[in-house]
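K.L.:
Let me begin by handing over the structure; questions about it come next.
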Amino acid sequence: MIGIKEVEHVALLARLELTGEEKEVYSRQLSDILEHARKLQQLDTKDVPPTAHVLPLQNVLREDRVGEHLPPEKVLANAPDRQDDFFKVPRII
Amino acid sequence: MHLYYLTAHQLHDMLVNKEISAEELTRAVFDRIDQVEEKIRAYITLTREQAIQQARQVDRARVAGEELPTLAGIPVAVKDNICTAGVRTTCASKILYNYIPPYNATVMEKLNKEQVVMTGKTNMDEFAMGSSCENSAFFPTCNPWDTGRVPGGSSGGSAAAVAAGEAILALGSDTGGSIRLPASFCGVVGMKPTYGAVSRYGLVAYASSLDQIGPFSRDVTDCALLLNVICGHDPLDSTSAPYEQLDYTSFLTGDIKGMKIGVPREYMGEGIDTGVKEVITGAINVLTGLGAEVEETSLPHTEYALPAYYLIAPAEASSNLARYDGVRYGYRADRAGDVVDMFMKTRSEGFGPEVKRRIMLGTYALSAGYYDAFYNQALKVRTLIKNDFDRAFEQFDLLLGPTAPGTAFKRGEKIDDPLQMYMVDICTLSVNLAGIPAISIPAGMVDHLPVGLQLMGKPFGEGELLRVAYAFEQNTDHHRNFPE
């Protein structure tokens, strides 16, 4: 069971601001989904390695050479706010 | 027959024989869009002017006697989570409502080189999270066979566009069934290639270890042709597999004598509609009649795919979607105090309910105290699911079952119950967890709604899937059905 307090904690970790109604809905729905997920714990996986990735690829390297890059104007074209060649955000400190 | 209902290979021949021009074809497809789009709503963005320009360019090359690539001049729709330089790419999310990518996805570079004509960007469930296309922040897409029903998701716009003649081909992406499910619901061909077969560079990430771009088409030959164009190793995607590129049309022989096909009993049991099972049984009879050896088998961990997927995919999503913070692109909330307040307001206003739900679920599964019990356990179960397939493929060339447990459901039917909505994916999720290829092809109708047959293959066994799919198609007429 995921209580409101836990929902609030997870929302903060995820940088989400939830309304009172959302908190209640997610508390109920996440509890249902995780209850279903408990099924996984029926399986004995003591000697089973985890699969994070299906391909046997590791450490894909390339030559350390400067490639093509986007010019600043293109990079900043989607910025909600900018100043000169910088992304502008509200005050941090 | 209308031009917009012909296949790419038929249209290619007509273009080469100068029976039609690429511009005429493009205009025919846009006329069709004008005729039906109000009812279907497959597209978020239409690129009409650009499409006409692309078509004219193909016509100039044609008149000059240049040899045309196979898909040159063919109208193709592109899912709106694939980056298109200069063309808005929204992921059907408010948080990217105004995002114009400064670069092309690798698949777009490949399509441009092939000189296809892009019709526009198709609707989807927000960030590809959903099974009905109802989670789009803009509007739901309707199923061309019954506009009161969903087209399936998340690539619902691409599937509906191909089914309704609003495009000849389309690209989608498949993380847990997002190509195959809408292909099944809309009565078209859809393939999820092997993980690593198609570059993910420029595909907006949902769950990176599961996402794969793939083709939609109206027949198997077109599927092979589009796959030929989009496959291949890409140094820009570190999970792209170095493998030998094949001409997939070489598998379209019609000969499946002696092929060994397994039917996992878990795909034909409880939870699958009777009508769907009858269609699949009918398909098995067709394949047996063509000389395939079909036998029952088992993938014993199938029932664990749903809980494993709905921990792994949200966990990856919670990490991938951390980038949407209102700083560099997309939506930013106004009236925010400090920068953290701006992040929180931006994300809360920018993401829809299902996306928030999955971010919450994933954040929870990865958080201290729950990581081992949920996330790591899910990764171990993923190994068991993959081992099931490895064992089955020692005995069988491929596996077969339904793509979905039922036909297209009504809009609004499942939207308030996430777990019910997730159940729609029970036949498709395992394939993504195992990283193998699978195709959905039209196999019949139940109550005037299409049913998809799913074929699942060995890693990089797309050719064998196409071989069987083609043999089935050549001996049936389901791909010649069109919605009214």
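K.L.:
Given +1 on the Cβ of Lys and Arg, -1 on the Cβ of Asp and Glu, and no further charges, what dipole in debye does the protein assembly as shown carry about its Cα centre, rounded to the nearest 20?
P.N.:
Using Cβ point charges on Lys, Arg, Asp and Glu, the protein assembly as shown gives about 920 debye.
K.L.:
Just tell me how shielded B:372-378 is by partners: mean number of partner chain Cβ atoms within 10 Å of each residue's Cβ, no decimals.
P.N.:
Rounded to a whole number, the mean comes out at 4.
K.L.:
Nearest 10 degrees, 0 to 90: what angle lies between the long axis of helix A:4-13 and the longest principal axis of chain A (Cα atoms)?
P.N.:
Once rounded, one gets 20 degrees.
K.L.:
Just tell me which lysines come within less than 27 Å, Cα to Cα, of A:LYS74; anything on the same chain fewer than 8 places away is out.
P.N.:
A:LYS88, B:LYS79, B:LYS94, B:LYS110, B:LYS113, B:LYS121, B:LYS345
K.L.:
Return the average number of partner chain Cβ atoms within 10 angstrom of each residue Cβ along peptide B:331-340.
P.N.:
3
K.L.:
Just to be sure I understand the curve: with the Debye formula and one point per C-alpha of region B:235-303, what is log10 I(q)/I(0) at q = 0.21, 0.23 Å⁻¹?
P.N.:
-0.94, -1.00
K.L.:
Across the Cα atoms of chain B, what radius of gyration and what greatest pairwise Cα-Cα distance (Dmax) are found, in Å?
P.N.:
Over chain B's Cα set, Rg and Dmax evaluate to 21.2, 70 Å.
K.L.:
A further question on this structure: Could you tell me how many degrees, from 0 to 90 and to the nearest 10, lie between the Cα long axis of helix A:20-37 and the main elongation axis, the longest principal axis, of the Cα atoms of chain A?
P.N.:
On a 0 to 90 degree scale, this one is about 70.
K.L.:
With contacts defined as alpha carbon pairs under 8 Å and 6 or more residues apart, what's the relative contact order of chain B in percent?
P.N.:
17 percent
K.L.:
Here is a further query. Over all residues in A:28-38, what is the mean tally of Cβ atoms on other chains that come within 10 Å of each residue's Cβ?
P.N.:
What the average comes to for A:28-38 is 6.
K.L.:
Over the alpha-carbon set of region B:36-177, work out the extent along each principal axis and list the three values in angstrom, largest first.
P.N.:
Extents along the principal axes, in whole Å: 47, 34, 26.
K.L.:
Hey, another quick one. What trypsin sites (Lys or Arg not before Pro) does region B:232-338 have in DSSP loop regions with at most 12 other beta carbons within 10 Å?
P.N.:
B:LYS257, B:ARG335
K.L.:
Under the rule a/c < 1.5 gives rounded, and otherwise a/b versus b/c splits prolate from oblate, where does chain A land using the Cα gyration tensor?
P.N.:
In terms of gyration-tensor shape, oblate.
K.L.:
Would you work out which of A:VAL7, B:ILE272, B:ALA315 lies farthest towards the positive end of the dipole of the protein assembly as shown? Charges go on Cβ: Lys and Arg +1, Asp and Glu -1.
P.N.:
A:VAL7
K.L.:
Tell me the volume per residue, in Å³, of the convex hull enclosing the alpha carbons of the protein assembly as shown.
P.N.:
Normalising the Cα hull of the protein assembly as shown by residue number yields 160 Å³.
K.L.:
Taking +1 at the Cβ of each Lys and Arg and -1 at the Cβ of each Asp and Glu, which of B:GLY457, B:GLN474, B:LEU379 sits farthest along the dipole of region B:369-484 towards its positive end, judged by Cα position relative to the Cα centre?
P.N.:
B:LEU379
K.L.:
Here's something else I'd like to know. Towards the positive end of the charge dipole of the protein assembly as shown, with charges on Cβ (+1 Lys, Arg; -1 Asp, Glu), say which of B:MET342, B:ILE168, A:GLN29 has the farthest Cα.
P.N.:
Of the options given, the answer is B:MET342.
K.L.:
At 222 nm, what value in deg cm²/dmol follows for chain B if DSSP H runs of at least 4 each add -39500 (n - 2.57) and the sum is divided by all its residues, to the nearest 500?
P.N.:
-11500 deg cm²/dmol
K.L.:
Here's something else I'd like to know. Using the Kirkwood radius built from alpha carbon pairs, what does the Stokes-Einstein equation give as D for region A:1-43 at 20 °C and 1.002 mPa s, in µm² per second?
P.N.:
The calculation lands on 196 µm²/s.
Just so you know, all these numbers are worked out from the coordinates, no wet-lab data involved. What you are looking at is a predicted structure, and each value in this text was computed from that prediction instead of being measured. Positions of Cβ are backbone-derived with ideal geometry, glycine not excepted, and every protein chain shown enters the neighbour counts.
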